[in-house]
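S.K.: Attaching a single structure in structure tokens format; questions to follow.
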Amino acid sequence: MSQTIVITGANRGIGYDMARLWKARGNHVIAVCRSPAEKKGKEDLHDLGIRVLEGYDVSKAEDVAALKEELGDTEVDVLYNNAGIMESETLEDMNFDTIEKQFEVNTLGPLRVTHALLDNLSDGARVGLMTSRMGSIEDNDSGRKYGYRISKAGLNAAGKSLAVDLKDRGVAVAILHPGYVKTDMTGHTGHITPEQAAHRLVQRMDELNLDNTGTFWHSDGSVLPW
């Protein structure tokens, strides 16, 4: 049965491939992004037959409010919060401005969007949060990247609370690490392609239910340490 999927940060990388995959499965996909991006060797986002909403920055309260207004009473079956950024602070080269920006985008952004669209979520809806194993405190054995680690750890905490608070409404939440993916964020180094990551992540969303809600997963299905 066709579902309505809303995905943020869908103009490139994993978000683009997830939007393309969900559309190929016969779903109504709404792709939300700050700006369009040219796809080298791939179809333009507008040519996928999906609804594209441009000019929405998830870190800005006014943009998220405008997104809510744009969607109106559209019923959403899957909300996937994919938009995110990564900078690279070190103890020797600290930048609190970039740390703050990552927190706004990576932590508060998904929380803002999810909160704004609560009334749009259908019965049995599923919410995905694109996090990173770099947000794991137990798994941190290399330090550095303060803003990214802090922001993803914060997102993990927010995701767990959302899972608890939304369970009575029948809404399940997945906290998902995509893997080490060949994207702009990683300088196109990595173990898997965005398309491979997209297939894994969509599978995890298919398996999401109220029994496993709030789990911190690797896209390969393994459970990650907090």
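The values are calculated or read from the model by the stated rules, or taken from the named source; none is laboratory data. Keep in mind the model is a prediction, meaning the values are calculated, not measured. No Cβ is skipped: glycine too gets one built from the backbone with ideal geometry, and neighbour counts run over all protein chains shown.
S.K.: Considering only region 139-179, state which residues are assigned to a loop (DSSP other than H, G, I, E, B) and at pLDDT 95 or above.
M.R.: Residues satisfying the conditions are 139, 140, 141, 142, 143, 144, 145, 170, 171, 178.
S.K.: Looking only at residues that are among the β-branched types (Val, Ile, Thr) and buried (at least 24 other Cβ atoms within 10 Å of the Cβ) in region 124-149, which one is nearest to residue 207 (Cα to Cα)?
M.R.: Residue satisfying both the conditions and the ranking: 127.
S.K.: A further question on this structure: Taking residue 182 as meeting all but one of (1) surrounded by fewer than 17 Cβ atoms within 10 Å (Cβ to Cβ); (2) in contact with a strand residue (DSSP E or B) (Cβ under 9 Å, 6 or more places away or on another chain); (3) at pLDDT below 95, write down the number of the exception.
M.R.: Only one criterion in (1) surrounded by fewer than 17 Cβ atoms within 10 Å (Cβ to Cβ); (2) in contact with a strand residue (DSSP E or B) (Cβ under 9 Å, 6 or more places away or on another chain); (3) at pLDDT below 95 is unmet by residue 182, namely (1).
S.K.: Does residue 70 satisfy being farther than 30 Å from residue 180 by Cβ, touching a Leu at 6+ places or on another chain (Cβ under 7 Å) and surrounded by fewer than 20 Cβ atoms within 10 Å (Cβ to Cβ)?
M.R.: Against the criterion (farther than 30 Å from residue 180 by Cβ, touching a Leu at 6+ places or on another chain (Cβ under 7 Å) and surrounded by fewer than 20 Cβ atoms within 10 Å (Cβ to Cβ)), residue 70 qualifies.
S.K.: Which pairs turn up if I take residues in region 109-133 that are more than 22 Å from residue 220 (Cβ to Cβ) and among the acidic types (Asp, Glu) and look for partners that are surrounded by fewer than 21 Cβ atoms within 10 Å (Cβ to Cβ) and modelled with pLDDT of 95 or more with beta carbon separation below 9 Å, at least 6 apart in sequence or on another chain?
M.R.: Going by the 9 Å Cβ cut-off, the qualifying pairs are 119/68; 119/73; 123/169; 123/170.
S.K.: Let me ask something else. Restricting attention to region 150-177, which residues are among the charged types (D, E, K, R) and surrounded by fewer than 22 Cβ atoms within 10 Å (Cβ to Cβ)?
M.R.: The answer is 160, 165, 167, 168, 169.
S.K.: Something else now. Looking at the structure I just gave you, is residue 63 modelled with pLDDT of 95 or more, of a type in the set (Asp, Glu), over 12 Å from the mean Cα position of the chain (by Cα) and under 28 Å from residue 4 (Cα atoms)?
M.R.: Values: modelled with pLDDT of 95 or more: yes; of a type in the set (Asp, Glu): yes; over 12 Å from the mean Cα position of the chain (by Cα): yes; under 28 Å from residue 4 (Cα atoms): yes.
Yes, satisfied.
S.K.: Of everything in region 97-123, what is surrounded by 18 or more Cβ atoms within 10 Å (Cβ to Cβ) and among the basic types (Lys, Arg)? Give them in sequence order.
M.R.: Residue satisfying the conditions is 112 alone.
S.K.: For region 79-138, give me each residue that is in a helix (DSSP H, G or I) and basic (Lys, Arg).
M.R.: 101, 112, 133
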